[in-house]
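Working notes, beginning with the structure itself.
The values are calculated or read from the model by the stated rules, or taken from the named source; none is laboratory data. Values in this document were obtained by computation on a predicted structure and should not be read as measured data. Cβ placement follows ideal geometry from the backbone for every residue including glycine, while neighbour counts extend to all protein chains displayed. When the accessible area is computed, the model is the full protein with side chains, heavy atoms only, and any ligands, DNA or RNA have been set aside. Shrake-Rupley method; radii C 1.70, N 1.55, O 1.52, S 1.80 Å.
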Amino acid sequence: DFDTVEQMNEAIIKSINDNVPQNAVLFNLGDIMFGDKRKLPELMDKFICKNHHLIYGNHDTFIRKNPEYQSLFSSCSDYLEIRSGHKDIVMSHYAMRVWNKSHRGSLHLYGHSHFSLPPYGRSLYVGWCKWRRPLRLDEIIEILSKQDIALVDHHNPQTNP
């Protein structure tokens, strides 16, 4: 709902800067920007938070191929697992049906789908186009704690007796 890509980028940057303190950790689940890719360093300079991790999206090939662009981030990866408190969290650009420890209640965060997929287990679309701001971990935990654990594949006693 923007007239230009630049307007969209500026709105996203503003929402991140308004909600993510300088000393926080920011996980971006891919597709960092649209428009002129040579402007990535200028765009990254606009973020207040400098501890910025990128999980590659399908539109981030230009970063994957360029070590100079990769150096603008704290890390770049296709997939990332972290533990925060007592919660295991799996992050990827794409939604998954199963992920590490999903049968034990781990959380899965993803982007890409523009919230077109139905809710599934303890996974959550965290894209900006749905929330219009980055979500804090405590918010994510609260949202997903109300979701049932999806027991599929060999962890489901009904399908794998």
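Data table
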{"item": "Answer from Leu117, Leu109 - the residue that is closer than 23 Å to Ile16 by Cα and either aliphatic (A, V, I, L, M) or open to solvent by 80 Å² or more (accessible area, probe 1.4 Å) (or both)", "result": "Leu109"}
{"item": "Of residues in the stretch 22-44 being over 18 Å from the mean Cα position of the chain (by Cα) and charged (D, E, K, R), the one most open to solvent (accessible area, probe 1.4 Å)", "result": "Arg38"}
{"item": "Candidate set from the stretch 1-18 (those that are surrounded by fewer than 17 Cβ atoms within 10 Å (Cβ to Cβ) and in contact (Cβ under 8 Å) with a residue 40 or more places away in the chain); member that is farthest from the chain's Cα centre (by Cα)", "result": "Asp18"}
{"item": "Helices (runs of 4 or more DSSP H) wholly inside the stretch 1-65 that include at least 3 residues being under 29 Å from Asp138 (Cα atoms)", "result": "5-19, 40-45"}
{"item": "Residue count for the stretch 120-135, restricted to those that are open to solvent by 20 Å² or more (accessible area, probe 1.4 Å), touching a residue at least 24 places away in the same chain (Cβ under 8 Å) and in a loop (DSSP other than H, G, I, E, B)", "result": "6"}
{"item": "Pick from the stretch 70-94, criterion more than 18 Å from Leu137 (Cα to Cα) and outside any strand (DSSP E or B), ranking: least open to solvent (accessible area, probe 1.4 Å)", "result": "Phe73"}
{"item": "Among the candidates Phe73, Phe34, Phe2, Phe115, residue that is among the hydrophobic types (A, V, I, L, M, F, W, C) and modelled with pLDDT of 95 or more", "result": "Phe73"}
{"item": "Residue identified as surrounded by fewer than 16 Cβ atoms within 10 Å (Cβ to Cβ), among the aromatic types (Phe, Trp, Tyr) and without any contact (Cβ under 8 Å) to a residue 60 or more places away in the chain among Phe47, Phe62", "result": "Phe62"}
{"item": "For Glu142: the one exception among (1) buried (at least 20 other Cβ atoms within 10 Å of the Cβ); (2) not in a strand (DSSP E or B)", "result": "(1)"}
